[in-house]
Amino acid sequence: MKAELKKITQNGIKVFEIENDNGMRAELLSYGAIISKLFVKDRNGNLVDVVAGYENEDDYASDICYFGALVGRVCNRTAGAKFSLDGVTYELAKNDGNNHLHGGVEGFNKKEYSAEIVGPASIKFSRISPNKEEGYPGTMTVSVTYTLTNDNALEIAYEATSDKRTPCALTNHSYFNLDGDFESVLDHEVFIDADKMSDIDEELIPTGKLIDVKGTPYDFRKPKRVGKDIGADDRLLHIANGYDFNFVLNDGGIDDVRASAYGKKSGILLQVFTTKPCIQFYTGNFLSGEKGKKVYKKQSALCLETQNFPNAVNMPSLQDVVLKAGELYSSKTKYVFSTK
Ligand code: GLA
């Protein structure tokens, strides 16, 4: 096991490295609490970096893809970039047309965190998000702890408290290609334990309606090639240019496999465990040749973002994402790797 400060970049970003006893290792940044590298073993025992990102850590400052980053205060889209709480309407930063996306213009992905080594292969990043940051009420203390375990899990534990009621829904935005070549994820096999998915409008905002995935291109209840139905002539696939949808997880919890993705070339299987009720399955449809460790073309990577119902703050019937003053927000996601 290892957890150490590896280097400090020209712009002052601290790069940490954690490693388990099997040689699986991750690099984590004090900027954006970003997972910049994640090396896991393929079926031949060779280490493969399965996440998208930049070779030069200082390049994350101009990233628009949220590669590997902590996303908050509220991930995904908030319609009209506003919500009402306790009789007050709060205007949020608009950074996706008329809407608010992934915490705003300078969300949690663009901030510097203080870092602490908290275990043999564990780093905790923390920060205070001031009152009115990107429009959100309350001063919020947020932390995310990344831990590698010897059963080849990368555990992500989120915590937050606020001095005022405020919405809070954190996620991590890692883009995976389990073959590590970042050519295409269309041959990856994906499983999602969800009978239902959120319908969306032309602006990718959930309408509030849930769609039964049975018999649709959105049925991943058995592992399915991503490319099998991605080109189907279906309204939602046309709007999103691929998969970019909120899947509502069936009953279960942190001990159940909620989703998985498999790279046939490497034999690497990623299994997702989470306390969250939903997963955004996104096939990197907006990627357009960004240059980083690799060149990231459209659909060269995929995201399985564990989350709450998107836009829940405007649809209280779906799920409450409001953190009460003085209460602890706590959620956990595990990305577990094996080969087959
Ligand atoms: C999320 C969204 C996508 C896109 C990406 C960032 O995954 O669901 O629509 O905005 O983030 O490019």
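Summary of values
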{"read-out": "Tabulated pairs, the range 1-30, first in contact (Cβ under 8 Å) with a residue 60 or more places away in the chain, second of a type in the set (S, T, N, Q) and exposed (fewer than 13 other Cβ atoms within 10 Å of the Cβ), C-beta under 7 angstrom, 6+ apart or interchain", "value": "ASN20/ASN150; ASP21/ASN150; ASN22/ASN150"}
{"read-out": "Selected residue (only one of ASP251, ASP199, ASP234 is acidic (Asp, Glu), without any contact (Cβ under 8 Å) to a residue 40 or more places away in the chain and touching a strand residue (DSSP E or B) at 6+ places or on another chain (Cβ under 6 Å))", "value": "ASP199"}
{"read-out": "Where a residue in the range 321-335 is in contact (Cβ under 8 Å) with a residue 60 or more places away in the chain and its partner, wherever it lies, is acidic (Asp, Glu) and in a strand (DSSP E or B), with Cβ under 7 Å and at least six apart", "value": "LEU328/GLU159; TYR329/GLU159; SER330/GLU159; LYS332/GLU155; LYS334/GLU155"}
{"read-out": "Considering residues of the range 171-219 that are hydroxyl-bearing (Ser, Thr, Tyr) and within 16 Å of the ligand (Cβ to nearest atom) only, the residue nearest to GLY97 (Cα to Cα)", "value": "THR207"}
{"read-out": "Those residues of the range 245-275 which are buried (at least 23 other Cβ atoms within 10 Å of the Cβ), within 16 Å of the ligand (Cβ to nearest atom) and not β-branched (Val, Ile, Thr), in sequence order", "value": "PHE245, ASN246, PHE247, ALA261"}
{"read-out": "Selection status of TYR282, within 16 Å of the ligand (Cβ to nearest atom), under 30 Å from ASN99 (Cα atoms), free of Cβ contacts under 8 Å to residues at least 60 places away in the same chain and crowded, with 17+ Cβ neighbours inside 10 Å", "value": "yes"}
{"read-out": "Subset of the range 81-125 [touching a residue at least 60 places away in the same chain (Cβ under 8 Å) and outside any strand (DSSP E or B)]", "value": "ASP86, GLY97, ASN98, HIS102, PHE108, ASN109, LYS110, LYS111, TYR113, PRO120, ALA121"}
{"read-out": "Those residues of the range 88-106 which are of a type outside the set (Asp, Glu), closer than 16 Å to SER62 by Cβ and away from the ligand (no atom under 11 Å from the Cβ), in sequence order", "value": "VAL105"}
{"read-out": "Filter result for the condition that a residue is hydroxyl-bearing (Ser, Thr, Tyr) and more than 15 Å from the chain's Cα centre (by Cα), over TYR90, TYR66", "value": "TYR90"}
{"read-out": "Matching entry among TYR158, TYR113 (being buried (at least 20 other Cβ atoms within 10 Å of the Cβ), at pLDDT 95 or above and within 16 Å of the chain's Cα centre (by Cα))", "value": "TYR158"}
{"read-out": "Among (1) surrounded by fewer than 24 Cβ atoms within 10 Å (Cβ to Cβ); (2) within 16 Å of the ligand (Cβ to nearest atom) - the single one GLY72 does not satisfy", "value": "(1)"}
{"read-out": "Those residues of the range 204-223 which are in contact with a strand residue (DSSP E or B) (Cβ under 6 Å, 6 or more places away or on another chain), part of a loop (DSSP other than H, G, I, E, B) and of a type outside the set (A, V, I, L, M, F, W, C), in sequence order", "value": "TYR218, PRO223"}
{"read-out": "Residue in the range 42-55 that is under 29 Å from GLU133 (Cβ atoms) and more than 16 Å from the ligand (Cβ to nearest atom) present", "value": "no"}
{"read-out": "Some residue of the range 175-193 being among the hydroxyl-bearing types (Ser, Thr, Tyr), within 17 Å of the chain's Cα centre (by Cα) and closer than 30 Å to ASP229 by Cβ", "value": "yes"}
{"read-out": "Residue among ARG165, ARG221, ARG225 that alone is surrounded by fewer than 18 Cβ atoms within 10 Å (Cβ to Cβ) and over 27 Å from ALA240 (Cβ atoms)", "value": "ARG165"}
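The values are calculated or read from the model by the stated rules, or taken from the named source; none is laboratory data. Bear in mind the structure is a predicted one, so any value in this text is a computation, not a measurement. Counting neighbours? That spans all protein chains shown, and the Cβs are built from the backbone with ideal geometry, glycine included.
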